[in-house]
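The values are calculated or read from the model by the stated rules, or taken from the named source; none is laboratory data. All values reported here derive from a predicted model rather than from experimental measurement. As a convention, Cβ positions derive from the backbone with ideal geometry for all residues, glycine included, and neighbour counts pool all protein chains shown. Accessible surface areas use protein heavy atoms only, side chains included; no ligands, DNA or RNA. Shrake-Rupley method; radii C 1.70, N 1.55, O 1.52, S 1.80 Å.
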Amino acid sequence: MKNIWRTMMTISFPELQEKWDNVDKSVENYILATEDHPLQFHIGYNNIKQRSFVVYNTGKIDEVESSKSISVKCIKARSGTWSLQFTLQYPSLSEVFALLCWDLMETSDLKINAIDALLERYKKWKQLLQKVTASLLSTKEIKGLIGELLFLSKGIDLYGEEVAVLAWIGPDGADQDFIFTDKWVEIKTTTISANEVVISSLQQLDRSDCGYLDVYFMDKTSPNDKQAYSLASIVKEVETKLTVQRLRDKFWCKLAQKGCLKYQIDRYSEPLYRIAENMIYKVGSNFPRLSRANVPSEVTAVKYSISLSSIDKYRVQSI
């Protein structure tokens, strides 16, 4: 069934990057990105040397909104055909832009509804791009991402690389960090001495199917601690486990969506965090949580804390 719907684009992100880097940008210039795709993509530079990504023969598309960092417009050629042009406004985000373009190509690699898939994917990227900058992640963001990557690393061992990477949908803007066919998992990181965990939205635990709250207790430690993790080291650990280039590319797309850019990764070699404990709680119908069903409709946003001692009876050994 997979071959019926997908055409299996073969160009990898590194190959796309290399092609783009080799385009002559002294003049407005575009080249075909790949030949094995139902859509026709060209990459290059516009007349003011900005990186541009063009999707040809899209038909007229209305109301495709630009983001702060990427302008989008539908262009009509003299022949009467329409094309969609994405142009990067900030050169410092060239890596993110290239990843976005690769992801748009990969996501729209369908025999039907390819344009619809591309536009839907861009909408998700647009929301995330409002938050992505060239600055480094905060301490809180680093700890949170380390927790998600620790689970991803474990998930690759348990379920295989494709299942684990595709289940990691938190970076795409989902309410939960991981969703598998038979369960969902929300990852939390907190200090070693913490006695509560913060749930940052009403939606995070608001599901009726089987789910888990996976909590990592960690604190900063000495640079000499051999058992500790930095963000850079856990990224490297996960990447080493990914043997399929397409999944490695998806992995870097997801990191970019979290604000962790590849060219900056060495700057995350410190601080180091020691993982003291990992506690897993099964979230079932009796688990204490807020949901849309028990919160007044007038309340539009919720952030709350759960006492860890009070949910000890829901602890399980594994997911």
Log10 I(q)/I(0) at q = 0.10, 0.14 Å⁻¹ for segment 146-299, from Debye over equal alpha-carbon scatterers, is -0.39, -0.75
quick shape note, segment 167-248: Cα extents on principal axes in Å, largest first -> 44, 40, 19
Distance in Å, no decimals, from the C-alpha centre of segment 99-133 to the one of segment 169-218 is 25
The alpha-carbon pair-distance distribution computed for the chain, with 10 angstrom bins and whole-percent values, is 5, 23, 31, 23, 13, 4, 0
The helix 139-159 Cα axis meets the longest alpha-carbon principal axis of the chain at an angle in degrees, between 0 and 90 and rounded to 10, of 90
One would report the antiparallel percent of DSSP beta bridges in the chain, rounded to the nearest 5, as 85
Here, segment 227-300 modelled as identical Cα point scatterers in vacuum has Debye log10 I(q)/I(0) at q = 0.11, 0.15 Å⁻¹ of -0.53, -0.77
From the Cα centre of segment 243-319 to that of segment 11-60, the distance in Å is 36
Percent antiparallel among DSSP beta bridges confined to segment 144-257, nearest 5, equals 30
Semi-axes a, b, c in Å (a largest) for segment 33-159, each sqrt of 5 times a Cα gyration tensor eigenvalue, come to 30, 19, 12
Of the accessible area of the chain, computed with a 1.4 Å probe and all protein chains kept, carbon and sulfur make up a percent value of 49
With label points set 7 Å from each Cα along the Cα-to-Cβ direction at Ser309 and Ser291, the distance between them in nm comes to 2.8
Averaged per residue, the 1.4 Å probe accessible area of segment 159-247, protein heavy atoms only, in Å², is roughly 44
Sites removed, the longest contiguous part of the chain containing no DSSP-loop GluC sites (Glu not before Pro) with at most 10 other Cβ within 10 Å is 66-297
For segment 255-303, the per residue accessible area (1.4 Å probe, Å²) is 58
Segment 70-134 -> Rg/Rh from Cα coords, Kirkwood Rh, value 1.00
Sparse-neighbourhood loop hits (trypsin sites (Lys or Arg not before Pro), segment 266-309; DSSP loop; Cβ within 10 Å at most 11 others) -> Lys303
Under the 7 Å Cα-to-Cβ spin-label approximation, Glu15 and Ser222 lie apart by a distance in nanometres of 4.8
